[in-house]
Each structure stands twice: as C-alpha cells, then as structure tokens.
1. Mind giving me the nanometre distance, one decimal, between the label points for residue 149 and residue 70, set 7 Å out from Cα along Cα→Cβ?
2. Would you please give the FRET efficiency between residue 169 and residue 200, computed as 1/(1 + (r/R0)^6) with r the Cβ-Cβ distance and R0 = 22 Å, to the nearest 0.05?
3. Would you work out if segment 52-161 is rounded, prolate or oblate? Take a ≥ b ≥ c from the square roots of the eigenvalues of the alpha-carbon gyration tensor; rounded if a/c is under 1.5, else prolate when a/b is larger than b/c, oblate otherwise.
4. Determine the distance separating the Cα centre of segment 161-197 from the Cα centre of segment 100-142; give it in Å without decimals.
5. What ranking, highest mean first, results for peptides 132-144, 104-116 when packing means the other Cβ atoms within 10 Å averaged over each residue?
6. With bins 5 Å wide starting at 0, give me the P(r) of segment 56-103 over every alpha carbon pair, in whole percents.
7. Near residue 56, within a Cβ-to-Cβ distance under 13 Å, what is the net charge of the other residues, with Lys and Arg +1 and Asp and Glu -1?
8. Quick one: which of 145/189; 55/137; 57/174; 79/189; 137/189 span more than 20 angstrom between C-alpha atoms?
Amino acid sequence: MTAPARHRRQVRLSRALGIPLTPKAEKYFERRPYPPGEHGRARRRNDSDYSVRLKEKQRLRAQYGIREAQMLATYKEAKRLPGLTGENIVELLEMRLDALVLRSGFARTIAQARQIVVHRHIMVDGQLVDRPSFRVKEGQMIHVKPRSTTRDPFQVAAAGAHRDVLPTLPGYLKVDLEALQATLLRRPKRSEVPVTADVQLVVEHYSR
C-alpha cells in the first residue's frame, strides 16, 4: 500500500471510529467530524448494544494498530491476572515495545513505531529486538541502535520534533530524548495511558 493510500485509509478509519488515529488524520477529523460515506452527515439510528461494544473494541485495537488475534490473546491474558480485566488489557498493550517507542517520542505514529522496530533499529537492554509485540519489563531500557542514531528520522526525533503531536510523557516512562533512550520505570496504570476507550465495553464484547 502506498503512503497516500495508507493515509486515506487512516483518515477514513478515524472518522468511522470517532477518534483521530494519526496527527494528519486529526486535521481532517476536525474538518469532517462525522463518519465517512454518503450518509455520514445524516442522523444515525441508535446503535445496538453489540455494535457499541464492537466499536469500542475496534477503537482500542486501532490505537495500538494490532490484529484481532493479538487483541483476543491480550484479553485472555488480562482475564487471568488479578484486578480489573479492562484495565489489565490497556496496561498489557501499553507495555508492548512499539507502544513505548511511540510514547517515548522516537516515532510520530504507532505505524512508524512498529516499522522502526521491525527494521531492527531498536534495542532493549543492549539486545536487538525486532518484534513490535515484545513485552517490555519494568526497569528495562529501550534505546535506538547506535548505528541508527545518526539517521535523519532519529535525529529529528532526538530534537523533539514529535513531542508537539504526542501526549504528555506519562509517569511510567523516563526518557532521555537526546540520547534516544527510555526506561519503563513501572507497570503503567490505566488512568495514565493516553488512549481513548471504554474498557468495560471491550470486556463485555469479549465475554458475551
């Protein structure tokens, strides 16, 4: 898929889900804050309980850019853990390597974060990791591979160019942006994680 086609798809998906998924999509979303398609502006009939829960699950999934199989696996793992399942889901997703690369400001979007992990630019505690789904543990350090730090995209990131479109740095991360290093200080708490989702509806969708 070409970059313009991928961008158009993200804009359309953003409008369908009611949340901007990328900085560019946010600009389009502000101008057209209604669903895409011929009847996007029309008053919509009341959604069924099922469709409301499904949409909430899709919103959460889209913000992390993951497949349904990954989402379902995360739900099953979250259900086995102590505490509230919905909060556990978000906390587990937030500990993915690609999510933390994004939060740290090394990338501008979750798709870009995933790409730089897959292209072997990211290390965890000195070891190269190319799996976006890698679960970072408390105390582990994420950093850009030394040979990659001089590349333009990482020089841009180190200068803080992405901070204008990213949420405030959450308290569970310690970041040295100039050095392109970040440490997961502790497990994230749902209240700190900058994603838009009614997690209880996500749980209800899977437990139906």
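What follows is calculated from the coordinates using simple rules that are stated; it is not laboratory data. In this text the structure is predicted, and so the values were computed from the model without any measurement. Because the Cβ atoms are built from the backbone with ideal geometry, glycine has one as well, and the counts that use them run over all protein chains shown.
1. Taking the two extended label points, one gets 2.8 nm.
2. On the way: r = 27 Å, r/R0 = 1.23.
E(calc), rounded to 0.05, equals 0.25.
3. Details: a/c = 2.48, a/b = 1.79, b/c = 1.39.
In terms of gyration-tensor shape, prolate.
4. Taking the Cα centre of segment 100-142 as reference, the centre of segment 161-197 is 13 Å away.
5. On the way: 132-144: 17.3, 104-116: 21.6.
Top of the packing list down: 104-116, 132-144.
6. 5, 22, 33, 26, 13, 1
7. Details: positive: 53, 55, 57, 59, 61, 208; negative: 47, 49, 198, 204.
That works out to +2.
8. Details: 145/189 28 Å; 55/137 30 Å; 57/174 29 Å; 79/189 16 Å; 137/189 14 Å.
From the list (145/189; 55/137; 57/174; 79/189; 137/189), the Cα-Cα distance tops 20 Å for 145/189; 55/137; 57/174.
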